[in-house]
Amino acid sequence: MPKELKSCDERIMIWIIALCSLMIAYADFLSIKRFGYRHSRQFRAVVSTIWAIDLMPLIFALVCFLFTSDNPTWLGIVSGWMYFIYMVVVISHAPLSFAIALFSRRWIHVLGGGVMVVAISIFFYSMLKTRTDYEVKSVVIESSKLPAEFDGYRIVQISDLHIGTMLNAEQEISQIAEICNSLNPDMVAFTGDLVNIRYSEINEQIFKSLQKFQYKDGLYSVLGNHDIGTYIKDSISLTPEVNTERLIDLQERLGWKLLNNKTDYIKRGVDSIAITCISFPKAMYETQHSSEIPDIGLDNIYSELPHQCFNITMSHIPKMWDKILEVYPTNLTLSGHVHAMQMAMRVGEWRLSPSMILYKRWSGLYSEAGHYLYINDGIGYAMYPMRIGARPEITLIELKCSK
């Protein structure tokens with residue numbers, strides 16, 4: 001579990017879980033009363049057992065907070081499976097409990113039971129199938145500022161691997177690399193959250209899998225909020241600074257170009273384009289999922305970059321786009337972070353997700369006055385090992401000259 005549940009997203013999530021758990025527990029209590037065991041020992045035993053299951057995540061969070069001194073990799077995996085079980089057992093049966101608690105008509109109870117079966121099926125499908133059902137999305141970006149030599153330039157974007165929570169990281173990363181390589185990229189853009197908690201999630205076998213990516217001009221990378229050690233609880237044995245240094249060293253050994261708030265140039269003949277990478281700023285830890293954006297000093301990052309140059313900016317947090325455009329007219333910004341909260345569904349032309357509640361921009365391509373933002377839905381998974389409709393994404397971006 002994150003270190004002290006201090007950040008905005010952690011507080012929101014724990015309140016949502018607490019509210020859902022208490023509502024479902026009360027509905028279960030009312031449902032069981034209908035069976036006539038109200039004053040019996042059997043009734044109390046059944047209610048106590050069901051309430052313990054309903055309040056599972058809150059009990060788990062309390063135990064972890066009181067009795068664990070760190071966030072080891074195994075705890076993240078156990079936590080993910082606990083939330084999976086919670087959603088399958090508790091969230092799924094909620095429609096049936098509310099149907100029995102609030103209505104006396106049998107057909108409504110049958111309907112509630114049907115919804116429960118559908119929910120359980122969706123959760124298992126999302127874990128067994130959708131979780132690794134990689135989707136390649138193709139996007140064309142046109143710009144009059146793009147040099148002619150870069151017409152047709154191919155960028156493959158991946159994001160949010162969260163290696164520490166992957167169920168079979170070595171195999172999954174190898175498959176991802178194979179798909180990326182088949183797209184024949186000129187460059188690969190990785191937009192943050194390589195690990196889930198700490199650098200040591202990358203063992204020797206996973207390191208070899210990460211070496212399988214192929215590209216012509218480099219694999220560019222930025223640090224995400226999970227990469228900089230903000231979720232390390234025992235910061236005495238491993239400080240966030242040391243964790244970040246070692247993760248940077250691992251990426252350098254891979255041959256990746258991790259530009260920590262710097263710019264690099266890719267050349268084709270006499271022409272060039274600029275790649276600027278903005279790593280996750282610690283000042284945004286508290287506000288990473290809110291509408292607030294602190295002053296993070298972007299002026300220095302773009303101070304020596306000419307405005308006439310075609311620029312691609314990589315920033316893990318998509319909400320920084322507005323701040324970036326206030327400082328520099330970047331042509332294309334690539335981000336990740338949101339994952340569409342690993343829940344999305346399509347209704348006609350609309351794509352819906354809980355992330356719409358927290359984010360102005362949460363998935364896909366956005367444009368304003370010739371400037372583009374693309375938010376990749378990520379590949380890995382955090383909190384629970386499922387992707388409910390929000391398939392893991394590999395994005396192929398093709399740059400085209402426009403007149």
When V156 is run through (1) surrounded by 19 or more Cβ atoms within 10 Å (Cβ to Cβ); (2) not in a strand (DSSP E or B), the failure sits at (2)
With respect to G269, determine if the residue is over 15 Å from T313 (Cβ atoms), modelled with pLDDT of 95 or more and surrounded by fewer than 17 Cβ atoms within 10 Å (Cβ to Cβ). no
Can you tell me which of (1) of a type outside the set (D, E, K, R); (2) in contact with a Cys (Cβ under 9 Å, 6 or more places away or on another chain); (3) not assigned by TED's automatic domain parsing to the domain that holds G269 is the one M116 doesn't meet? (2)
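Based on what the data block shows, is Y231 assigned by TED's automatic domain parsing to the domain that holds A148, at pLDDT 95 or above and surrounded by 15 or more Cβ atoms within 10 Å (Cβ to Cβ)? Let's see the steps before the verdict.
Values: assigned by TED's automatic domain parsing to the domain that holds A148: yes; at pLDDT 95 or above: no; surrounded by 15 or more Cβ atoms within 10 Å (Cβ to Cβ): yes.
No; evaluated as a whole, the condition is false for this residue.
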Sole residue being closer than 19 Å to P392 by Cβ and charged (D, E, K, R), chosen from E142, E135: E135
Segment 252-262: number of residues that are modelled with pLDDT under 95 and touching a helix residue (DSSP H, G or I) at 6+ places or on another chain (Cβ under 8 Å): 3
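Each row is one residue, and each column tells you yes or no for (1) assigned by TED's automatic domain parsing to the domain that holds T49; (2) over 25 Å from the mean Cα position of the chain (by Cα); (3) under 20 Å from P392 (Cβ atoms).
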position: F103; (1), (2), (3): yes, yes, no
position: R106; (1), (2), (3): yes, yes, no
position: G112; (1), (2), (3): yes, yes, no
position: F124; (1), (2), (3): yes, no, yes
position: D151; (1), (2), (3): no, yes, no
Give segment 184-227 a look and list any residue that's touching a strand residue (DSSP E or B) at 6+ places or on another chain (Cβ under 6 Å) and either farther than 23 Å from D377 by Cβ or hydroxyl-bearing (S, T, Y) (or both), or say none. T191, Y215, D217, G218, Y220, S221
Given the criteria without any contact (Cβ under 8 Å) to a residue 40 or more places away in the chain and among the aliphatic types (A, V, I, L, M), does A99 qualify? yes
Residue, nearest to V195 (Cα to Cα), within segment 74-89, restricted to residues that are buried (at least 17 other Cβ atoms within 10 Å of the Cβ) and not aliphatic (A, V, I, L, M): G76
Can you tell me which residue among E292, E241, E286 is at pLDDT 90 or above and surrounded by fewer than 17 Cβ atoms within 10 Å (Cβ to Cβ)? E241
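Considering only residues that are at pLDDT below 75 and among the small types (G, A, S), which ones fall in segment 1-37?
S7, G36
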Being among the acidic types (D, E) and part of a loop (DSSP other than H, G, I, E, B) is the filter here; which residues of segment 159-170 pass it? D160
Quick one: count up the residues across segment 364-403 that are over 13 Å from Y134 (Cα atoms) and in contact with a Cys (Cβ under 8 Å, 6 or more places away or on another chain). 0
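Under the condition of being in contact (Cβ under 8 Å) with a residue 24 or more places away in the chain and of a type in the set (D, E, K, R), which residue from segment 120-152 is nearest to Y374 (Cα to Cα)? Give the derivation first.
Step one: list which residues in segment 120-152 are in contact (Cβ under 8 Å) with a residue 24 or more places away in the chain, which gives 120, 122-124, 126-127, 130-152.
This time we only want the ones that are of a type in the set (D, E, K, R), so: 131, 133, 135, 137, 142, 145, 149, 151.
Numbers: R131: 22, D133: 21, E135: 15, K137: 11, E142: 13, K145: 18, E149: 23, D151: 19 Å.
Applying the filter and picking the extreme gives K137.
A quick yes/no check of all residues on (1) outside the structural domain of S143 (by TED's automatic domain parsing); (2) modelled with pLDDT under 85; (3) surrounded by fewer than 16 Cβ atoms within 10 Å (Cβ to Cβ):
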| site | (1), (2), (3) |
| --- | --- |
| G297 | no, yes, yes |
| Q308 | no, no, yes |
| S315 | no, no, no |
| P318 | no, no, no |
| W321 | no, no, no |
| E326 | no, no, yes |
Hey, R346 hits all of (1) in a strand (DSSP E or B); (2) surrounded by 15 or more Cβ atoms within 10 Å (Cβ to Cβ) but one; which does it fall short on? (2)
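So if I check each of S48, S79, S69, S40, which one is out of contact with any helix residue (DSSP H, G or I) (no Cβ under 6 Å at 6 or more places or on another chain), hydroxyl-bearing (S, T, Y) and at pLDDT below 80?
On the way: S48 fails: at pLDDT below 80; S79 fails: at pLDDT below 80; S69 fails: at pLDDT below 80.
One residue alone meets the criteria, S40.
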Could you tell me how many of the residues in segment 327-354 are over 23 Å from E398 (Cβ atoms) and among the hydroxyl-bearing types (S, T, Y)? 2
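The values are calculated or read from the model by the stated rules, or taken from the named source; none is laboratory data. Please read these numbers as outputs of a predicted model, since none were measured by experiment. Counting neighbours? That spans all protein chains shown, and the Cβs are built from the backbone with ideal geometry, glycine included.
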